[in-house]
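Written out below as structure tokens is the structure these notes cover.
The values are calculated or read from the model by the stated rules, or taken from the named source; none is laboratory data. These figures come from a predicted structure and were not determined experimentally. Here the Cβ is made from the backbone with ideal geometry for all residues, glycine too, and neighbour counts use every protein chain on show.
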Amino acid sequence: MKIFIDIGHPAHVHYFKNTIKFLNDHNHHIMITARDKDVTHQLLDNYSIPYVSRGKGRKSLIGKLFYLINADFQLFKLSRIFKPDLFLSFASPYAGHVSFLIGKPHISLTDTEHAKLGIISFLPFSDVVLTPKVFKIDLGNKHLRFNGFMEQCYLQKNYFKPNNKVLRNLDLEPHDKFVIIRLVSWDASHDIGQKGFTQDSLLSIIEEVKKYAKVFISSECVLPKILKSYQLAIKPTEIHDLLFYAELFIGEGATMASESAILGTPSIYVNTLTAGTLEAQAQQGLLHIYHSSEGIIEKVVEILNDVNNKEKQRHRRDQCLHNNIDVNKFISWFVSNYPESFDLIKKDPNHIGSFS
């Protein structure tokens, strides 16, 4: 089978990297296109995954429209050469549009309810949409739910083994406490009108954290001079190792907040936007959601003062994931056996539970 995968965000590389390996190992042929966003291309290069760049996105609404047209055209040209049997993406309108144009199925995944413009742009052009069970919107007859989180595709214990080399590279000893703060660029369509930290509140949080631990800032945007000394300098493939060893994560980014939760690291998510995945993890004590900076310092102090917090957090994580499926196995099976897989799940939804 020939499978065309479109990747639009660094997280998507992680979502699909094990599926790509499975499909390649089972003699499927893969073509990948990837947006030049943040460290997406670096990750693909580091994992030796071949791809074709579809260029950088745009920030303005008009710019996004022109980029949409250009990206659709690029994927259309490539698909005429590659002749795929199906398309696979995480909420890619480009894959959806082109699959519709050439009459091939599009399997899409998403876990982001608040990306309403994005959902509108890909849903009519998708044959199947796979989401976590906790996804809060019903997307109709093409919608299938699985009991798990996307981050399990690469951070579940059988896929992820932490490497403490990253600590040595940052001159950290195994007993050193450190906290990672994540800032986002706020240029996604669903980020319009949303907010996270103010600079003053961020500086106050940093000053409090420094009483207990070292501070590192990971940022999608250029940091102001006052924050430069905290800037994290590691390889893109090392971030999950660092999150695993961190005492605490505090950030505006939903993906990294959820990744920390799956890794068993205490996580504070600061954003006016939320999602079913995050809310489910919060209900199970895996992370804490704040829509403003109010109350964050108190929670930071509570977490960093509890010497057993990491141990408690990992126990909660294990309990939470115990009944979840192996999401990576499910996606790989579903794609490689489509459309029979879709028909089987429709007849017997409990079959998804067999992917443990």
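Numerical summary
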{"read-out": "Hits in the stretch 262-295 (condition: among the hydroxyl-bearing types (Ser, Thr, Tyr) and touching a Cys at 6+ places or on another chain (Cβ under 7 Å))", "value": "none"}
{"read-out": "Residue pairs meeting the criteria (Cβ under 8 Å; at least 6 apart or on separate chains; first more than 19 Å from Leu227 (Cα to Cα), in the stretch 181-204; second of a type outside the set (Ser, Thr, Tyr) and at pLDDT below 80)", "value": "Asp187/Lys59; Ser189/Leu61; Gln194/Trp186"}
{"read-out": "Some residue of the stretch 176-191 being modelled with pLDDT of 95 or more, in a loop (DSSP other than H, G, I, E, B) and of a type outside the set (D, E, K, R)", "value": "no"}
{"read-out": "Positions within the stretch 212-235 being surrounded by fewer than 11 Cβ atoms within 10 Å (Cβ to Cβ), more than 17 Å from Ile180 (Cβ to Cβ) and at pLDDT 90 or above, in sequence order", "value": "Lys225"}
{"read-out": "Among the residues listed as Ile69, Ile137, Ile119, the single one being assigned by TED's automatic domain parsing to the domain that holds Asn337, β-branched (Val, Ile, Thr), surrounded by fewer than 18 Cβ atoms within 10 Å (Cβ to Cβ) and in a helix (DSSP H, G or I)", "value": "Ile69"}
{"read-out": "Any hit, the stretch 30-41, residues being more than 22 Å from Cys221 (Cβ to Cβ) and without any contact (Cβ under 8 Å) to a residue 40 or more places away in the chain", "value": "yes"}
{"read-out": "Residues being part of a helix (DSSP H, G or I) and surrounded by fewer than 16 Cβ atoms within 10 Å (Cβ to Cβ) - total across the stretch 317-335", "value": "2"}
{"read-out": "Filter pass, Ile102 being closer than 23 Å to Gln74 by Cα, of a type in the set (A, V, I, L, M) and at pLDDT 95 or above", "value": "yes"}
{"read-out": "Residue within the stretch 269-291 that is over 22 Å from Glu113 (Cα atoms), part of a helix (DSSP H, G or I) and touching a residue at least 24 places away in the same chain (Cβ under 8 Å) present", "value": "no"}
{"read-out": "The listed residue being more than 18 Å from Gly264 (Cα to Cα), of a type outside the set (Val, Ile, Thr) and free of Cβ contacts under 8 Å to residues at least 60 places away in the same chain, out of Lys329, Lys312", "value": "Lys329"}
{"read-out": "Residue list for the stretch 31-60, filter: modelled with pLDDT of 95 or more and either on the phi > 0 side of the Ramachandran plot or basic (Lys, Arg) (or both)", "value": "Arg35, Ser48, Arg54"}
{"read-out": "Qualifying residue in the stretch 157-167 (condition: among the aliphatic types (A, V, I, L, M) and touching a strand residue (DSSP E or B) at 6+ places or on another chain (Cβ under 8 Å))", "value": "no"}
{"read-out": "Extreme residue, surrounded by the most Cβ atoms within 10 Å (Cβ to Cβ), among residues of the stretch 146-177 that are basic (Lys, Arg) and touching a residue at least 24 places away in the same chain (Cβ under 8 Å)", "value": "Lys177"}
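To keep it simple, each residue is scored yes or no on (1) buried (at least 20 other Cβ atoms within 10 Å of the Cβ); (2) among the charged types (D, E, K, R); (3) outside any helix (DSSP H, G or I).
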position	(1), (2), (3)
Ile5	yes, no, yes
His12	yes, no, no
Phe22	no, no, no
Leu43	yes, no, no
Gly63	no, no, no
